[in-house]
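Notes follow once the structure below has been shown.
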Amino acid sequence: MANSSFNKPDIERVFRGTFVHSTRTCALQILEDALLGVDTEGKIAFIEKGEDLGRLAADFKTSDIIQLSQHEFFMPGLVDTHIHASQYSYAGTALDLPLLQWLNTYTFPVESQFKDLDFARKVYKQVVKRTLRNGTTTACYFATIHTNSSLLLGEIANAFGQRALVGKVCMDRNNAVKYYKETLQESQDETCRFIAELLNKKYPLVKPVVTPRFAPSCSGALLGQLGAIAKNNNLHIQSHISENPEEVMLVKELFPESESYSDVYCKYNLLTDKTIMAHGCYLSDKELTLFRETGASLSHCPNSNISLCSGILNVRNVLKHNVKLGLGTDVAGGYSASILDAMRRAQDSSKVLAMQDSDLDPLTFEEAFRLATLGGSQALSLDGQTGNFEVGKDFDALRVNLIVPGGPIDLIQHEEPKILVEKFLNLGDDRNIVEVFVAGRRVVPFTDSKPE
């Protein structure tokens, strides 16, 4: 347990019960009968042993302690490091084509509709609500090329209290859908407008992220401009890399002067310690070394990789290279908006690789848990603010109850906390997530004041 001093007026609420989280040295740390205090700024003021209540009691009313049941625990909020909010309307369908054909057939026509703000509002409200209900306290969103609807996504995420990075998509070439494309100048100008207007809102938890869709849809001139914009504004960067073989070959054709896919981004200053790249299924060891050296991160999106028959990321190799790694749903290439699904698919994928190579150890559920929480916050360079229950971090947390009425889990006998965690990660869903907190504010269940 961590000791800290705190002032009585600053404590807003205190919870007592089981807390589970990850640390840099432990994939799953279980704190039984713990006391966790949240201050008025939504930060973790202390986390102590329950037996220390007498020593702490002078600083808050013991009658106000919120006691968890034996079937409940708190865990850190889930981090979705890669999700296309604009694709949510067709999630669960259109998974019959490989990536490049899938984009032209389904994705670009749908994304072009987001010029209509009424349509955008309808979709973006639903995706923010759905992800929050599924425990996603932090989301790294792709929007579309439309500045106004991208700003609307930021507004909606802020209104519902979700921590979010929001990106206006940039793309100026190689799009078969002619009506969904920007010119180089438009992309640059609108990206600058998007960034300026979103930052001017001064949302506490919502920030812009520079978003070249991926190298095949961007000219070298645009990539260079976006790298400069990100550097000059000290912003996050997100894109895709090495998702499927056809895409990798296309990048070689489009950028023959570059040594690799990663080298393309590096050349244009788009690999930084605030960069998150989705997929990476076909990255070489040399490219992974470049990721480590630049501090860039990967988002593992196993549902999408399998659903679009793109490939399987060797997570063990990524971790061996000490590359920061989180999980992404990649809606709608991935059909589920739940990071719980991403954890399960990540384990399944690693087991498939382990069956093919006896030298590989499959991911454990504890390791998947860390990727979904602390790993995701590290991948987004937000681990100073969120990711686990360290004192001083924001209280981003899920209150999980294993025995909710009509829930998906049957408990036959009394189980220790580690078994409860494992059962939830493997069997649970949004029904088991009874409360969601972001920066100390309870955002689920939704209240009447939320913008329905």
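Picking from residues in the range 215-239 that are in contact with a strand residue (DSSP E or B) (Cβ under 7 Å, 6 or more places away or on another chain) and open to solvent by 10 Å² or more (accessible area, probe 1.4 Å), the one that is nearest to residue 287 (Cα to Cα) is 236. Starting from residues that are in contact with a Leu (Cβ under 9 Å, 6 or more places away or on another chain) and part of a strand (DSSP E or B), keep the ones in the range 168-216 and report whichever is nearest to residue 250 (Cα to Cα). Going through the qualifying residues, I end up with 212. Residues in the range 391-426 that are open to solvent by 20 Å² or more (accessible area, probe 1.4 Å), touching a residue at least 12 places away in the same chain (Cβ under 8 Å) and among the β-branched types (Val, Ile, Thr) were compared, and the one that is nearest to residue 437 (Cα to Cα) is 391. If you go through the range 384-400 and pick out every residue that is polar (S, T, N, Q), within 24 Å of residue 346 (Cα to Cα) and touching an Asp or Glu at 6+ places or on another chain (Cβ under 8 Å), you end up with 1. Within the range 427-452, track down each residue that is closer than 18 Å to residue 21 by Cα and open to solvent by 50 Å² or more (accessible area, probe 1.4 Å). Matches in the range 427-452: none.
Screening residue 178 against (1) open to solvent by 50 Å² or more (accessible area, probe 1.4 Å); (2) within 22 Å of residue 263 (Cα to Cα); (3) not hydrophobic (A, V, I, L, M, F, W, C) leaves a single unmet condition, (2). Going by the structure shown, is residue 23 open to solvent by less than 30 Å² (accessible area, probe 1.4 Å), part of a loop (DSSP other than H, G, I, E, B), within 26 Å of residue 275 (Cα to Cα) and polar (S, T, N, Q)? Criteria met by residue 23. Note on the range 270-361: enclosed helices (runs of 4 or more DSSP H) holding 3 or more residues that are buried (at least 19 other Cβ atoms within 10 Å of the Cβ) and modelled with pLDDT of 95 or more are 285-294, 302-307, 339-356.
The rows are residues; the columns are (1) touching an Asp or Glu at 6+ places or on another chain (Cβ under 9 Å); (2) without any contact (Cβ under 8 Å) to a residue 24 or more places away in the chain.
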| position | (1), (2) |
| --- | --- |
| 311 | yes, no |
| 329 | yes, no |
| 344 | no, no |
| 355 | no, yes |
| 370 | no, no |
| 382 | no, no |
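Considering 298, 313, the condition of being within 18 Å of residue 326 (Cβ to Cβ) and in contact with a His (Cβ under 7 Å, 6 or more places away or on another chain) is satisfied by 313 alone. Return a yes/no flag: does the range 422-444 have any residue that is under 22 Å from the mean Cα position of the chain (by Cα), more than 26 Å from residue 13 (Cα to Cα), aliphatic (A, V, I, L, M) and part of a helix (DSSP H, G or I). Within the range 422-444, one or more residues are under 22 Å from the mean Cα position of the chain (by Cα), more than 26 Å from residue 13 (Cα to Cα), aliphatic (A, V, I, L, M) and part of a helix (DSSP H, G or I).
Kindly establish whether residue 409 is among the hydrophobic types (A, V, I, L, M, F, W, C), assigned to a loop (DSSP other than H, G, I, E, B) and more than 21 Å from the chain's Cα centre (by Cα). Yes: the conditions hold for residue 409.
With at pLDDT 95 or above, touching a Ser or Thr at 6+ places or on another chain (Cβ under 6 Å), of a type outside the set (A, V, I, L, M) and surrounded by fewer than 22 Cβ atoms within 10 Å (Cβ to Cβ) as the only criterion, which of 163, 173, 193 stands out?
On the way: 163 fails: surrounded by fewer than 22 Cβ atoms within 10 Å (Cβ to Cβ); 173 fails: at pLDDT 95 or above.
Exactly one residue qualifies, and that residue is 193.
Taking the numbered list (1) of a type outside the set (Val, Ile, Thr); (2) open to solvent by 20 Å² or more (accessible area, probe 1.4 Å); (3) in a helix (DSSP H, G or I) in turn, residue 369 passes all entries but (2). Just for the range 255-266: of the residues that are under 20 Å from residue 169 (Cα atoms) and in contact (Cβ under 8 Å) with a residue 40 or more places away in the chain, which one is surrounded by the most Cβ atoms within 10 Å (Cβ to Cβ)? Residue satisfying both the conditions and the ranking: 265.
Right, residue 153: of a type in the set (A, V, I, L, M, F, W, C), touching a residue at least 60 places away in the same chain (Cβ under 8 Å) and open to solvent by less than 20 Å² (accessible area, probe 1.4 Å) or not? Yes; evaluated as a whole, the condition is true for this residue.
The values are calculated or read from the model by the stated rules, or taken from the named source; none is laboratory data. None of these values were measured; they are calculated from a predicted model. Cβ: placed from backbone, ideal geometry, glycine included. Neighbour counts: every protein chain shown. These area figures cover heavy atoms from the full protein model, side chains too; ligands, DNA and RNA do not enter into them. Shrake-Rupley method; radii C 1.70, N 1.55, O 1.52, S 1.80 Å.
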